[in-house]
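**Q** Sending over a structure as structure tokens; questions will come in a sec.
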Amino acid sequence: MSRQYRAYLVGDNGVFRSAEAFEALSDAAALRFARKFAQQGNVEVWRLDRKIGLLQAEQPERGSPAHP
């Protein structure tokens, strides 16, 4: 049975910039799904009133342009 989650993109000032609602089968699956949002910055993943985790922003690889 799927559960409801939200991924919040966190700005540099700690304020949520945007949110994405999605469903996943488990907390681990929710974190894997939300990893794609970390390309844009830090992401907090929540299920109802419980924080599942914080995903740190992905850093560009060395030698790769920051913005292709």
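**Q** Peptides 38-47, 19-28, 5-14: what's the order by average Cβ count within 10 Å, highest mean first? Each step should come with its number before you reach the end.
**A** Values: 38-47: 17.3, 19-28: 13.1, 5-14: 15.2.
Listed from highest to lowest mean packing, they are 38-47, 5-14, 19-28.
**Q** Multiplying the sequence separation of Gln40 and Glu58 by 0.36 nm and subtracting their Cα-Cα distance, what value in nm do you get?
**A** Result: 5.7 nm gained on full extension.
**Q** Can you sort Lys51, Lys36 so the residue with the fewest Cβ neighbours within 10 Å comes first?
**A** Working: Lys51 10, Lys36 13.
Going from least to most buried by this count: Lys51, Lys36.
**Q** Could you work out the relative contact order of the stretch 1-53, using alpha carbon pairs under 8 angstrom and six or more residues apart, expressed as a whole percent?
**A** Reported as a whole number, the value is 40 percent.
**Q** When the dipole is taken about the Cα centre of the stretch 3-55, and only Lys, Arg (+1) and Asp, Glu (-1) are charged at their Cβ, what size is it in debye, to the nearest 20?
**A** Here the size comes out at about 120 debye.
**Q** Write down the radius of gyration of the chain and its Dmax, each obtained from C-alpha positions, in Å.
**A** 12.9, 43
The numbers here are math on the coordinates, done by the rules we state, and not lab data. Everything quoted here is computed from the prediction, not taken from an experiment. All Cβ positions, glycine included, derive from the backbone under ideal geometry; neighbour counts span all protein chains shown.
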